[in-house]
Every structure is written in structure tokens, then in C-alpha cells.
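Everything on this sheet refers to the single structure shown next.
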Amino acid sequence: VSQTVSSSLELEQIFQTVVETLQNTFGYNFVSIYLLDGEILRLGAQIGYAPDQIYTEIPITNGVAGRAVRSRQTQFISDVAREPGFLRASHEVESEICVPLLKEGTALGVLNIESERGHPLTETDINILTSFAGQVAVAVDNARLHGQVKSLALTDGLTGLANRRAFDYALESEVARVARYGPPLSLIIIDIDSFKLYNDTWGHPAGDARLRAIADLLRANVRNPDIAARYGGEEFA
């Protein structure tokens, strides 16, 4: 199971593999996994719940999942009817185990298992899920780092716009699309006049601020799926 989860570097695929594996391999009725984003737990994937009943976002101040993140400890609720903080996503639920996904003491999210009536969760399930959650946390952390590296490879570090590499790729793709389907294609390349003089006069930090300001203007005015890029030093496309 751990090998299956750790075989991908894409978060969405990992999340889906986790919930499907826990249901198919261990027979758990309701499974969900949430990723921590600031003070909010955001749903990564779920299985077993009706789409209109699942919580897509949970503040860490709420529910058993929020408590698991805050305490960084597994929460075991044998009877959810007696738990005032329980966020009910299904009326069939009897018990719940919520395990924080921890990497070097930092909470990345939570793994949440709920059982239907007549099939209560036990201490054995806690042991299984705690061991499994450690592997999931490693896989999630690796995927996040991979995503950051991938983003850095295609993003200009100063302005946050696409970099030259990403621009070249997008241009090649767009030219191929136009050649095949025939819609018009527009390309604008601009630069900042007298930028060297500006840097020499006011210093490079001031020049960097100008570059970021231009980038913000371009980003605010391009349409989806158009692309704005930093083409060179003070050149944009």
C-alpha cells in the first residue's frame, strides 16, 4: 500500500490513491484526506460520501479534523453521537479516526476515516492508520517539493511571471495550434526605456520594484489563458 502511494509525485493522484486504497484494501466506508492551507483544511479527495454532504473546507478551529491538526495527535471518536465537535457528513457514521499527516512535527493535513453503524473502528484501526499516515505524509511532502521545483523551473523568481523557458514553450505550442486551427495569434514584446539609467540612479532594489510593478500590471490585464512572461532583463512578452 505504501509503495502504491509513494509511486507518484502528483498530489491529486496521491490523494485519490489514498482514499481508494483504504476503501478497497481495508474496507473502510468513508475516507477523506485534507491538505492544510494556512488555517484551512482543504479537501484533497474523498470516497463514500454524497457529493452534497462532504466538507470541502474545514477551519482548523472546527471539528475533530481541526483538533487533530492543532494537537498533532490522532483523534479517536468511538461514538460520534457523543462528540459535540463532530462535523457530520453522513447520518450513517458511528465512529471516526482522524490522523494528522506529520512531517518532522509539521502538520501537512489530515487523514480521516469514518465507519458506518454496526462496524465501529477499533484500536487496531488506529495502529494501521497511524502507520499508513506516516507514509502518506512523506509522499505528500515529496509531491509538494516536486511541485515547487517544477514551478520555479517555469517561473521568474523576481516577478512571478512565466520565465523565458515557459514563454518559449507556450509560443511554440500556440504557433502549432494556430497552424492547425487557424485563429489569429498576437504577440507583444515590450521593454522599459532607460532602465540601466534608472538602476544607476536609484539602485537595483528600486529597479527590481519597477520590474515587479510592470509584472503586476501585465498580470492584471491578461486574459485567461493568455500568458505574460519576463522575456529578458527588462523585457516582457
- Helix 11-26: angle to the longest alpha-carbon principal axis of the chain, degrees 0 to 90, nearest 10? 20
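To the nearest 20 Debye, how big is the dipole of the chain about its Cα centre, given +1 on the beta carbon of each Lys and Arg and -1 on that of each Asp and Glu?
Using only the charged Cβ atoms, the result is roughly 360 debye.
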- Query: Does anyone have the angle between helix 204-221 and the longest principal axis of the chain? Alpha-carbon axes, 0 to 90°, nearest 10?
  - Reply: 70
- Query: Which of the trypsin sites (Lys or Arg not before Pro) across the stretch 116-159 are loop residues per DSSP, with 16 or fewer other Cβ within 10 Å?
  - Reply: Arg117
- Task: Report, by chain and number, residues whose modeled amide H sits under 5 Å from the one on Tyr231, excluding near sequence neighbours (fewer than 5 apart, same chain).
- Result: Phe236, Ala237
- Task: Would you mind computing, in nm to one decimal, how far apart the modelled labels at Arg82 and Arg212 are, each placed 7 Å from Cα along Cα→Cβ?
- Result: 5.5
- Task: Classify the stretch 34-109 as rounded, prolate or oblate, taking a ≥ b ≥ c as the square roots of the eigenvalues of its Cα gyration tensor: rounded when a/c is under 1.5, otherwise prolate if a/b is larger than b/c and oblate if not.
- Result: oblate
- Modelled label reach - His204, point 7 Å along Cα→Cβ, the stretch 140-171 residues with backbone N closer than 17 Å: 157-159
- Measuring from the longest principal axis of the C-alpha atoms of the chain, the long axis of helix 164-181 (C-alpha) lies at a number of degrees, nearest 10, equal to 90
- Item | Rh (Kirkwood; distinct C-alpha pairs) - the chain, Å | 21.0
- Item | For the chain: accessible area per residue (Å², 1.4 Å) | 57
- Query: For the stretch 14-148, which whole percent of the accessible surface, found with a 1.4 angstrom probe, sits on carbon and sulfur atoms?
  - Reply: 47
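The values are calculated or read from the model by the stated rules, or taken from the named source; none is laboratory data. Source: prediction; values computed, not measured. Cβ atoms come from the backbone with ideal geometry, glycine included; neighbour counts cover every protein chain shown. Keep in mind that these areas ignore ligands, DNA and RNA; they rest on the heavy atoms of the full protein, side chains included. Shrake-Rupley method; radii C 1.70, N 1.55, O 1.52, S 1.80 Å.
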